[in-house]
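The values are calculated or read from the model by the stated rules, or taken from the named source; none is laboratory data. Keep in mind that this is a model prediction, so the values were computed, not measured. With ideal geometry, Cβ positions are generated from the backbone for all residues, glycine too; neighbour counts draw on all protein chains shown.
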Amino acid sequence: MVESLIALGSNLGDREGYLRRAIEMIRRQTRLVALSSVYETEPMYREDQGWFLNCVVAVETDLKPRALLEWLQAAESEMGRGRTARYGPRVIDLDILFYGDEIVSEPSLEIPHPGIAQRAFVLVPLNEIRPGLVHPVLGRTIGELLDDLKSEKKVVRRPELRLGSISSSSTPRQP
């Protein structure tokens, strides 16, 4: 089993409901070990869309990186995500941030996720659950990356939004 960190985001429809549903789907395939708070975040690349709800989960999985990516993309499709404009609005976005300390560079799969160090909407929730995690390419902790981030984008913790608890995690089914 390998710990993987996955970012979740939604800015269409019932954003909280989509995050909740995605977490339940993730629970069925992996073992949830940590869950950040929910954050409301300003869109980063395209401002002509609604704000996102974002969070980060840590899971233990026996899926290899490519299989995990394919499973997450299938989950996105099942939830109604279509592949439209890059950085456009979406009902759900599931991104692999880290997969243990592995470095993967393949067509359509880069781990660690290449945008981590520039994204407050990822670093803030990631710092909540794994501040001391060292980025295997940059050699810096998540806390250090967050301290160095120069971003004007708003990231607001929404403590009233709770997506569940770790203890209700079920045992993942075998792939």
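For region 102-117, which residues satisfy the criterion of being part of a loop (DSSP other than H, G, I, E, B) and surrounded by 14 or more Cβ atoms within 10 Å (Cβ to Cβ)? Residues satisfying the conditions are P112, H113, G115. Within region 120-155, the set of residues being among the charged types (D, E, K, R), in contact (Cβ under 8 Å) with a residue 60 or more places away in the chain and not in a helix (DSSP H, G or I) comprises R130, K153, K154. Considering only residues in region 39-61 that are of a type in the set (V, I, T) and over 15 Å from S151 (Cβ atoms), the one that is surrounded by the fewest Cβ atoms within 10 Å (Cβ to Cβ) turns out to be T61. For region 46-70, the set of residues classified as over 16 Å from M25 (Cα atoms) and in a strand (DSSP E or B) consists of F52, L53, N54, listed by residue number.
Working carefully through the options Y45, Y87, find the one that is on the phi > 0 side of the Ramachandran plot and at pLDDT below 90.
On the way: Y45 fails: on the phi > 0 side of the Ramachandran plot.
Among Y45, Y87, only Y87 is on the phi > 0 side of the Ramachandran plot and at pLDDT below 90.
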